[in-house]
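First up is the structure itself, then whatever we jot down about it.
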Amino acid sequence: MALFPSVLAYVLWNRAVREVGAARDGQFIHLIPVFGTLLSILLLGERLHDFHLLVAVGIALATARRSGLLHCSQRCFEHRRRFRVQK
């Protein structure tokens, strides 16, 4: 990953923090490497590899889960509650 796209990704993220607030934007900090990679591909002509896609999908799924975009079913919540009690 090149230096310029990474710096640009951090600048854009800092601007987003200013716009929506740190509490809401903090969930998306893990997307910085994804956007840095995308910017290096677009601006510098870097090659996209399979591991880039794998990591990007993993980060996107984890971010969606933590932000509430992917909801857990009622059964999942019941399992969590039972597990906490047994500990």
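What to note about this one:
- Distance between modelled label sites at residue 11 and residue 64, nm, 7 Å Cα→Cβ extension: 3.1 nm
- Cα-projected label distance for residue 53 with residue 20, points at 7 Å along beta-carbon direction, nm: 2.6 nm
The numbers here are math on the coordinates, done by the rules we state, and not lab data. These numbers were taken from a predicted model, which means no experiment stands behind them. In this analysis, Cβ positions are derived from the backbone assuming ideal geometry, glycine residues included, and neighbour counts consider all displayed protein chains.
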